[in-house]
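Each reported figure results from applying straightforward, stated rules to the coordinates on display, with no laboratory input. Values in this document were obtained by computation on a predicted structure and should not be read as measured data. Here the Cβ positions follow ideal geometry from the backbone for every residue, glycine too, while neighbour counts run over all protein chains shown.
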Amino acid sequence: MFIKIVLYFCNFASNRFSKYTDLSERKYLINIYSGCQYFQMFKTLSYCGIFFVLLSCSHPKSDSVNSNKKRTNITHESAIIDCNYSFEEAIKGSKAPKEIINQLELITVKYYSTDRKIHQGQILTNKRIADRILILFNYMFHEKFPVAHAIPVVKYHWDDDASMQANNTYSFCYRDISFSKHARGMAIDINPYFNPVRWKKGYEGHLNKPSGAHFNASIPGTFYRLNPVVQEFKKLGFRWGHNFTMKFDDHHFEI
Ligand SMILES: [Zn+2]
């Protein structure tokens, strides 16, 4: 309201200014008019300041979709570094469309590996399940459930079989979307060599994978029905591949 009154006065003064011929009156009006000019300038600068503040607040920060935020399950432990990709390096060579790449996040995870030492790896996964993956790695860490290593599949040139053969834990690997939740990073495979795919009765003609792997529940890092890690996955809404119709996909969990 105050601004409106002052502006009205400024307009009134400037409109009437030319009508005054008396010198003292005119000087008086000049002073007022100059004051109004300064006020107008101040007001304009204020508006500019407010505009730039709002612009900087509303401007999106660097695209969080494609940034490597270095989110991790454990922050206070030193670790053997299994990989340390940037987001750009982790997606390099993937044939996934941008629409899918934009759904991904690269998270840092720490785990006890099979050497019983703490390792640091990374999981390239869908942002929708990234929080749950961090919770699960936190759980496995505190349970000392071994994870052989967790390295984005780019290391294996996007060859899922090579990654499985290496007992590697991963989430995103682009492939036929209608066939696999890994194509959007909505699934995770953990210790595939310890938890191989075994085809169920009636489907024995298919090859178990990875080749040479055998299920042995006594090996640490193996999943079985009452395993606490399996229960934790279920609690967080994951479906376990062990319950698939045709195969026991024991290393596989998906949303
Ligand atoms: Zn899988």
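Find the centroid of the Cα atoms in region 153-227 and in region 97-145, then give the distance between the two in whole Å.
16
In straight Cα distance, which aspartates and glutamates are under 17 Å from K200, not counting same-chain residues fewer than 8 positions off?
D249, D250
Under 15 Å from the Cβ of I80, count the other residues' Cβ atoms, weight Lys and Arg +1, Asp and Glu -1, and hand me the total.
On the way: positive: K110, R116, K117; negative: E77, D82, D115.
My count for the surroundings of I80 gives 0.
Take the cross-link list K98/K127; K70/K181; K95/K181; K201/K235; K110/K209 and give me the ones stretching past 20 Å between alpha-carbons. Could the numbers behind the result be given before it?
On the way: K98/K127 14 Å; K70/K181 24 Å; K95/K181 15 Å; K201/K235 29 Å; K110/K209 26 Å.
Cα-Cα > 20 Å for K70/K181; K201/K235; K110/K209; rest within.
So what's region 117-181 giving for Rg/Rh, alpha carbon basis, Kirkwood Rh from the mean inverse pair distance?
0.98
Using only the alpha carbons of region 64-254, determine the length spanned along each of the three principal axes and report them from longest to shortest in whole angstroms.
Principal-axis extents of region 64-254 (Cα, largest first): 46, 36, 29 Å.
Taking H placed 1.01 Å from N in the peptide plane, check which residues at least 5 places from F248 or on another chain put their amide H under 5 Å from its amide H.
Placed amide hydrogens put R198, W199, K200 under 5 Å from F248.
So for each of 227-239, 100-112, 206-218 I average, over its residues, the number of other beta carbons within 10 Å; can you give me the resulting order with the highest mean first?
Ranking the peptides 227-239, 100-112, 206-218 by packing returns 100-112, 227-239, 206-218.
Under a Cβ-Cβ cut-off of 12 Å, what is the net charge of the residues other than D249 that fall near it, where Lys and Arg count +1 and Asp and Glu count -1?
Working: positive: K181, R198, K200, K209, R239, K247; negative: D189, D250, E254.
Local net charge: +3.
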